[in-house]
1. Arranged from highest to lowest average of other beta-carbon atoms within 10 Å per residue, in what order do the peptides 68-78, 145-155, 54-64 appear?
2. Over the chain, what is the relative contact order in whole percent, taking alpha-carbon pairs under 8 Å and six or more residues apart?
3. Once Kirkwood radius over Cα pairs in Å is worked out from the coordinates, which option in (i) 17.5; (ii) 19.8; (iii) 19.1 does it equal?
4. Using mean Cβ contacts within 10 Å as the protection proxy, how do 19-29, 128-138 order, highest first?
5. As an exercise, take the mean of 1/r over every pair of distinct alpha carbons in segment 11-118, invert it, and state the Kirkwood radius in angstroms.
């Protein structure tokens, strides 16, 4: 047995990551290395002056964090709190759990992140008005959100008219507008 299910946090190989100029750090994907299927977990180091990720919340995925070292500011539902070593955080599945970390100090901020994995998760980004559908791997602006029945007001228009004649009072758009 190789004990692939055990690791020591002090011997992890951290890899640099960067997404733009304000989001960067180092992390070790422990879950992937251990073969986890239903949980995601990693260790992350956030350098001074950096943000952890865009401000967001999940609809179907819960997250849990444990602060190992350093300090950072937490923004949660547009309220702020300083995080310090030993803090444990849980974020549920709703807008009140929208969150983001910012390292406001001159030292590294180190934490463990744990999450449930749901392939159908939807993440929303209140600052940029975006929504991400994990299964489809697609991001959309919420500005394109429209009412459910937009463009569906006259469902009979797509039907063969002979199929609709048995329903009294139902006619096509052309008939309603006086055209045949």
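Every number in this text was worked out from the coordinates using simple rules, so none of it is lab data. Nothing here was measured: the structure is a model prediction, and the numbers come from that model. Note that we place each Cβ from the backbone using ideal geometry, even for glycine, and neighbour counts take in every protein chain shown.
1. Top to bottom by mean Cβ count within 10 Å: 54-64, 68-78, 145-155.
2. 19 percent
3. (ii)
4. The densest-packed peptide leads the list: 19-29, 128-138.
5. Evaluated on segment 11-118, it is 14.1 Å.
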